[in-house]
Amino acid sequence: MKKGKGKQRRAFIKNSAYSILASLVGMEIVFANKMPVGYEPIIFQEKESLKSLGKEASLTVLNDKPWNVETPVHLLDDQVTPASKMFIRNNGLLPDRIKLEDWTLTLQGESVKSTKTYSMSDIKDKFRHYSYHLVLECGGNGRGEFYPPTEGNQWGVGAVSCAKWTGIRLKDLLQDVGINNDAVYIGYHGLDSHLSGDPNKEAISRGIPLWKALQEETLLAFALNDEELPLAHGFPLRLVAGGFPASASGKWLKALSVRNKVHDGSKMESPSYRIPISPIEPGSSVDEDNMRIIESMPVRSIITYPKSGAQLPFGRKLNIRGHAWAGEEAVKQVEYSIDFGSTWQLCNLEKPINRLAWQHFSATIEFPIKGYYEVWVKAIDMKGVSQPMVVPAWNPKGYLNNACHRIAVKLT
Amino acid sequence: MKDADLKKILVALAGLSTLLLLLVMAAIFSVVFLYFPPVGRSLENSESIEKFEILSDEIQNGFHVETGFVEGEGLQLVIANCTNCHSAKLVTQNRFTKEGWTNVIRWMQETQGLWDLGNNEEVIVAYLAKYYAPEARGRRKALQVEWYDLE
């Protein structure tokens, strides 16, 4: 019914509205007669907005074509990130909302026993459901601090979330379809379209090595925080590979390729989501041979309370809190400093609710005299690796800046 | 002092009339949209896709209103060539030298389907390198703070 109406409308627009439109915008649409059938001029298209994407207005829009939206760090205070505050990193254009009955997932590739297609009810009814709280962090989180500047969305520290994802284990599906012994990588294919509009190009088609695909926490998720997956986060089904750069967790899935080599889809090539193997001088170029795919994200922590810029009367204690995570690792310890890293004090640190979830920390700070302070936090992972205090190794695309988070505080 | 006041009043009046004009336009638009509501994207069956973006060339305080680009030589070429696939925000949040912007253009040509810019490339790169040039900020910048009283 909707379709029919749309057709009528379009025909009507085509036949009669151009002159009205032209008078409204104060100019002719040149080549209006060459508009493809069914094409609507951009000013007639429904405008996507933060609101239509289900996001709070206080989020920061870095880019609206494609959508890239950052969460201001103090809005990440919830222990479980609500969908309305979750960052968005898109490479292509959002697909239209597909009808569940029209949707299928195809398992394909050189190393699949035989190509097989699953409907949503196959997925929901045939396999056991699991829920995990998983950190999704953009590989470029923190990019804005690199110098010389690197190309891409200039993220602050808020391209991260930890929410409850529900779905089936990817390994259960792989077991059902059957994979050959030479399988090494799983590549994903989504319904989003390339920015250029070229239907033969995929906006992004990355994936994960088989060892990651077989982890218990690696999900094909259909629910976020106990609700249907929002369109902005991959409706109807997405991969969730916590601890890896979030670009590995493909959205709007239509197919998975079981590969006998490292997947070679869009944005798998150098320098995308890769860093130099041997360290390089900032600003210099790197040979493709000297680049490796980012797998585990590094150790990191953020102060989510208070918001930077807090003024309070001298004598009052300050409670701080936040989250820490470490890619594939767990966090062993979180420390804070109020003297620019000269001395460090321990924070209280909670255990993760499950592997690959972020851990909450808190501390109560007493300040010795009035004045300007910076509170710095530093997390240390189980292997003893800690966050650097300055911006770490420069790399051509500005990934993995896990320099310790800082907030300003004034005691008056 | 009085001149300044007069100027303020004039500016306010100009602002108000612009607002009024916008309101009238909004009213006309909403009436038209009631009769022809926007329908979803439907490009699937189109053989050739030509885009018809109608951008105004209004400049305010040295910025192109619709895109946020700085006004300067090459602006029109930048709008025409750099906002078809992605929004202007992807450009304006980045900072590069001439060489850096050229590299970005090459990457888009090699992987993202950007066309050959011909003679326009020099003008475009010069514009970008002039208005969107890197500023040295060392290994860590001072915090930028908006103070507030903590309850």
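Before moving on, here are some points about what is shown:
- Condition broken by A:His189, with the remaining ones in (1) under 27 Å from B:Trp101 (Cβ atoms); (2) away from every other protein chain (no Cβ under 14 Å) satisfied: (1)
Here's the yes/no breakdown for (1) in a strand (DSSP E or B); (2) at pLDDT below 90:
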position: A:Lys14; (1), (2): no, yes
position: A:Tyr39; (1), (2): no, yes
position: A:Leu62; (1), (2): yes, no
position: A:Arg97; (1), (2): no, no
position: A:Glu101; (1), (2): no, no
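- Hits in the range A:366-388 - residues which are under 25 Å from the mean Cα position of the chain (by Cα) and outside any strand (DSSP E or B): A:Met382, A:Val385, A:Gln387, A:Pro388
- Among the residues of the range A:171-184, at least one is open to solvent by less than 20 Å² (accessible area, probe 1.4 Å), assigned to a loop (DSSP other than H, G, I, E, B) and touching a residue at least 12 places away in the same chain (Cβ under 8 Å).
- Hits in the range A:267-300 (condition: surrounded by fewer than 20 Cβ atoms within 10 Å (Cβ to Cβ) and on the phi > 0 side of the Ramachandran plot): A:Lys267, A:Gly283
- Checklist (1) facing chain A (nearest Cβ under 7 Å); (2) open to solvent by less than 60 Å² (accessible area, probe 1.4 Å); (3) over 28 Å from A:Pro199 (Cα atoms) applied to B:Leu128, failing item: (1)
- Top-ranked residue in the range B:82-101 [being outside any loop (DSSP other than H, G, I, E, B) and more than 8 Å from chain A (Cβ to nearest Cβ); ranked as farthest from the chain's Cα centre (by Cα)]: B:Glu99
- Residue count for the range A:73-91, restricted to those that are under 21 Å from B:Asn94 (Cβ atoms) and either modelled with pLDDT under 95 or of a type outside the set (D, E, K, R) (or both): 4
- Just one of (1) under 20 Å from the mean Cα position of the chain (by Cα); (2) within 8 Å of chain A (Cβ to nearest Cβ); (3) more than 20 Å from B:Cys85 (Cα to Cα) fails for B:Val104. It is (3).
- Residues of the range B:107-125 that turn out to be within 11 Å of chain A (Cβ to nearest Cβ), open to solvent by 60 Å² or more (accessible area, probe 1.4 Å) and not in a helix (DSSP H, G or I), as a count: 1
- Residue check, A:Ser296 in contact with an Asp or Glu (Cβ under 6 Å, 6 or more places away or on another chain) and part of a loop (DSSP other than H, G, I, E, B): yes
- Selection status of A:Tyr147, assigned to a loop (DSSP other than H, G, I, E, B) and open to solvent by 10 Å² or more (accessible area, probe 1.4 Å): yes
- Residue match in the range B:136-148 (condition: under 13 Å from the mean Cα position of the chain (by Cα) and within 12 Å of chain A (Cβ to nearest Cβ)): no
- Single condition A:Ala363 does not satisfy, out of (1) over 21 Å from A:Asn141 (Cβ atoms); (2) open to solvent by less than 60 Å² (accessible area, probe 1.4 Å); (3) in a loop (DSSP other than H, G, I, E, B): (3)
- Given (1) among the small types (Gly, Ala, Ser); (2) open to solvent by less than 50 Å² (accessible area, probe 1.4 Å); (3) modelled with pLDDT under 70, number of the condition B:Ala88 does not satisfy: (3)
- Residue satisfying all of: in the range A:67-76; surrounded by fewer than 23 Cβ atoms within 10 Å (Cβ to Cβ) and in contact with a Gly (Cβ under 8 Å, 6 or more places away or on another chain); farthest from the other protein chains (Cβ to nearest Cβ) among these: A:Leu75
- Screening A:Leu356 with (1) assigned to a strand (DSSP E or B); (2) farther than 16 Å from A:Ile407 by Cα gives one miss only, at (1).
- Selection status of B:Gly74, crowded, with 16+ Cβ neighbours inside 10 Å and at positive phi: yes
- Within the range A:332-391, if we keep just the residues that are without any contact (Cβ under 8 Å) to a residue 24 or more places away in the chain and under 22 Å from A:Ala163 (Cα atoms), the residue that is nearest to the other protein chains (Cβ to nearest Cβ) turns out to be A:Asn348.
- Each residue in the range A:226-240 was checked for being closer than 8 Å to A:Leu253 by Cα and among the charged types (D, E, K, R), and 1 pass.
- Scanning the range A:185-198 for residues that are in a loop (DSSP other than H, G, I, E, B) and within 16 Å of A:Lys254 (Cα to Cα) yields A:Leu191, A:Asp192, A:His194.
- Meets criteria (at pLDDT 95 or above, out of contact with any Leu (no Cβ under 6 Å at 6 or more places or on another chain), within 14 Å of another protein chain (Cβ to nearest Cβ) and open to solvent by 10 Å² or more (accessible area, probe 1.4 Å)) for A:Glu202: yes
- Counted residues, the range B:79-135 - those being more than 17 Å from A:Pro396 (Cα to Cα) and among the hydroxyl-bearing types (Ser, Thr, Tyr): 6
The values are calculated or read from the model by the stated rules, or taken from the named source; none is laboratory data. Owing to the predicted nature of the structure, the values given are computational and were not obtained by experimental measurement. Reconstructed Cβ throughout: ideal geometry from the backbone, glycine too, with neighbour counts over all protein chains shown. Side chains are part of the model used for accessible areas, which takes the heavy atoms of the whole protein and leaves out ligands, DNA and RNA. Shrake-Rupley method; radii C 1.70, N 1.55, O 1.52, S 1.80 Å.
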